[in-house]
1. Go through (1) modelled with pLDDT under 75; (2) closer than 30 Å to Leu25 by Cβ for Ile299 and report which single condition fails.
2. State all residues of the range 2-27 that are modelled with pLDDT of 85 or more and farther than 18 Å from Phe255 by Cβ; if no residue qualifies, say none.
3. Among the residues of the range 456-509, which ones are of a type in the set (Gly, Ala, Ser) and in a strand (DSSP E or B)?
4. Check the range 217-232 and report whether any residue there is exposed (fewer than 14 other Cβ atoms within 10 Å of the Cβ), at pLDDT below 90 and either touching a helix residue (DSSP H, G or I) at 6+ places or on another chain (Cβ under 9 Å) or of a type in the set (Asp, Glu) (or both).
5. Would you mind stating whether Val105 is modelled with pLDDT of 95 or more and touching a helix residue (DSSP H, G or I) at 6+ places or on another chain (Cβ under 9 Å)?
6. Looking only at helices (runs of 4 or more DSSP H) that lie completely in the range 40-156, which have at least 1 residues being surrounded by fewer than 17 Cβ atoms within 10 Å (Cβ to Cβ), under 17 Å from the mean Cα position of the chain (by Cα) and among the aromatic types (Phe, Trp, Tyr)?
7. Only residues that are out of contact with any Lys or Arg (no Cβ under 7 Å at 6 or more places or on another chain) and of a type in the set (S, T, N, Q): list them for the range 32-76, please.
8. Please go through the range 486-503 and pick out each residue that is exposed (fewer than 13 other Cβ atoms within 10 Å of the Cβ) and within 50 Å of the chain's Cα centre (by Cα).
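The values are calculated or read from the model by the stated rules, or taken from the named source; none is laboratory data. Model, not experiment: these values are computed from the prediction. Using ideal geometry, Cβ is built from the backbone for each residue, glycine included, and neighbour counts are taken over all protein chains shown.
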Amino acid sequence: MRVVFLILLSVCSLFSQDQSVENMLEEHIKYVADEENLIGYLSLEKDRSINQSTYIKFKFAFDHFREKNVRFVLLKLNTPGGQVFPAQKICRLMQELDVEYGIPVVAYIDNWAISAGAMLAYSSRFIATTPQSSMGAAEPVTQSTEGAQTASEKVNSALRSEFANLARFYSRDPVLAQAMVDKEMIVVERDGKFISLSTEKKIKSSDTIISQKGKLLTLDAKQLTEFGISDFEVPFQKELEKVSGMVPFNQSPLFEVPFFSKMENATLITYTDWKVNFFSFLSHPIVSTILLIGLIIGIYIELSTPGFGLFGIIGLSCLGLILLSSFAIYAVNWLELILLVVGATLLLLEIFVIPGFGVAGIVGSLLFIAGLFALMVPNISNVSFDFSQLNLEAIDILYRLAWFGLGFVVAFLAIFLLSKYVLPSMLSRSPLILRGAQERKLGYTSGPEEALLPKVGEEGLSFSSLRPSGKVSIKNEIYDAIAETGYIEKDQPIVVIAIKAKRLIVRKK
């Protein structure tokens, strides 16, 4: 009889728990039976860690979901973690989305929610698991020449407190959350409660040991459910067949849960924006490091060679991209204008500073055209590039692109005709244009004539420091000069190695 009673008690407990979860779902997730119900969908996969680019993507995805008035956000977690500070900022966004805008997050642990992934799970109002789910192992580490090292107690203590606060936010046990961060904690279950012990001597024979000293707490799917961290279980993830960024909700594993199976006209919507993807790419640590290397090398070579050329453009471009990545949250809404201004600046630089038409002119032209086109087509970020089924925005883009191309063709044709047939006659009658030969003695000359310049191979002294431009003295005459490489201090012997644009290129003898 006692065994039967325990079985009945267990069944009643599970039934009441399911009813409790059902009531909570009904309280926080509202939907309308006869209207369209949109559900935001985000995914974190194990092949990419959580970093600043993840935060940028989540920030704008949540803004998009608010605009679309989604019923809730489904967050698929299969991540080994990543950086702590971007994860903290994402957690704040998730709590703000829930509390201030009434859009809860349902975390679905497909496999892993480890380290920073556990932070995101704890920041979700509801957590769903599969039989293969794991969550925990969130000890902070730092990288050094000797490899990964456990972070200082100061950092560990702060993260321990952070995990406890995240757990309490949605009424989950804070002790279990702290044990995921601190491997020195001993956690036991005593009288239906989880408590932390300072030493193993305090463990009672009736206690159930949850976490031993020296081991970080990592919970499997069964433990997550038993300990009240997971709210319900779902089957394995089905492959989502995306069509123009939208997926029928019945392809989601949540559809197997009774509450969600009642949602009619439900669709999962994803979020893609080429601008956000661009800034996310710039914010990746590897890309940031490459940009820093390009900045340093580009500026060094530019300062060590005469004039302004390719490496100066590379250095300044890397600097600009670093600044853009640092202010990505603000710059993403101004990207089109930034492209336009940068393109125009490079074109002006090519016209007035760099002789000829080279890299700066080509890059500037491309950026200017891209920025101009993006400004003229404000809904380009909503385009679906699935050409098997173009959405309305994509059709509009193609239509505008055709007119944009036609405008360029007509404009260049007009320029050709004006330059060949109209402008010559107009300029010939302009009083601002000098006509006829001008004598040098009347003052119409720019710089010394090349015949009066020193010859290649002639020697002299640096009249001033060349860093890299300056003055040199050759046969008691002063000339403008540029050092071929590096710096040349004052009163150093020099030799002329080339002459460009009536300026001497010299080398220290």
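1. It is condition (2) that Ile299 fails.
2. Residues of the range 2-27 that are modelled with pLDDT of 85 or more, as a first pass: 23-27.
Of everything in the range 2-27, those that are modelled with pLDDT of 85 or more and farther than 18 Å from Phe255 by Cβ turn out to be Asn23, Met24, Glu27.
3. Residues of the range 456-509 that are of a type in the set (Gly, Ala, Ser), as a first pass: 457, 460, 462, 464-465, 469-470, 473, 481, 483, 486, 498, 501.
Selection gives Gly460, Ser462, Ser469, Gly470, Ser473, Ala481, Ala483, Ala498.
4. no
5. Numbers: modelled with pLDDT of 95 or more: yes; touching a helix residue (DSSP H, G or I) at 6+ places or on another chain (Cβ under 9 Å): yes.
Yes: the conditions hold for Val105.
6. Ranges flagged: 84-99.
7. Passing the criteria: Ser49, Asn51, Gln52, Ser53, Thr54, Asn69.
8. Correct list: Glu489, Lys490, Ile497, Lys500, Ala501.
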